[in-house]
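The values are calculated or read from the model by the stated rules, or taken from the named source; none is laboratory data. This one's a predicted model, so the numbers in the text were calculated from it and none came from an experiment. Neighbour counts are summed over all protein chains in view; Cβ atoms, including those assigned to glycine, are modelled from backbone coordinates with ideal geometry.
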Amino acid sequence: MAIVFVDTNIVIDYLKKRDNEALIEFVDSFDTVYINDVVIMELYQGARDKRELNYIKKKIMKFEVLKMNQEIISLAREILDRYTLSHNTKIMDALIASTVIMYNMDLYTFNKKDFRYLKQVKLI
């Protein structure tokens, strides 16, 4: 069974279907595509109006949402403690990274630079 966690930038392009058939086919090739509440919050924050927010809510139902717990939050705090100054790690990226590490999943993102230095994160 092929599974993957997709970063916010992938979901944005997927939802907008930005003339990127290759992206859509790639995402659709997985049996299960996961996101977490961080990705959902970033998507909601990017909505320009109520109509767009409702569109996002409807379309993300395709994705499975991974639950976050204290273990994930603690790991994110450790990542921030270790890499904030050296790599300018953002809170949301640390939470996404800790989620994929704890669930032992591959991460599909266009922003590989945000995660490349984390050896436990498997990027595709």
(Q) Please go through (1) surrounded by fewer than 17 Cβ atoms within 10 Å (Cβ to Cβ); (2) at pLDDT below 95 for N54 and return the number of the only condition it doesn't satisfy. (A) (2)
Q.
Exactly one condition in (1) in contact (Cβ under 8 Å) with a residue 60 or more places away in the chain; (2) of a type in the set (D, E, K, R); (3) exposed (fewer than 15 other Cβ atoms within 10 Å of the Cβ) is false for E25; which is it?
A. (1)
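Have a look at F5, F30, F26 and point out the one that is part of a helix (DSSP H, G or I), closer than 21 Å to N111 by Cα and touching a strand residue (DSSP E or B) at 6+ places or on another chain (Cβ under 9 Å). Outline the logic, then answer.
Working: F5 fails: part of a helix (DSSP H, G or I); F30 fails: part of a helix (DSSP H, G or I).
Going through F5, F30, F26 in turn, just one is part of a helix (DSSP H, G or I), closer than 21 Å to N111 by Cα and touching a strand residue (DSSP E or B) at 6+ places or on another chain (Cβ under 9 Å): F26.
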Q) Quick check: anything in segment 23-44 at pLDDT 95 or above, over 24 Å from L118 (Cβ atoms) and of a type outside the set (G, A, S)? A) yes
Q | Members of segment 53-112 that are in a helix (DSSP H, G or I), closer than 17 Å to I3 by Cα and either of a type in the set (V, I, T) or free of Cβ contacts under 8 Å to residues at least 12 places away in the same chain (or both) | A | I60, M61, I96, T99, V100, I101
(Q) Being of a type in the set (V, I, T) and either in contact with a Ser or Thr (Cβ under 8 Å, 6 or more places away or on another chain) or more than 15 Å from V11 (Cα to Cα) (or both) is the requirement here; does T84 meet it? (A) yes
Q. Going by the structure shown, is I35 β-branched (V, I, T), in contact with a strand residue (DSSP E or B) (Cβ under 9 Å, 6 or more places away or on another chain), crowded, with 17+ Cβ neighbours inside 10 Å and outside any helix (DSSP H, G or I)?
A. yes
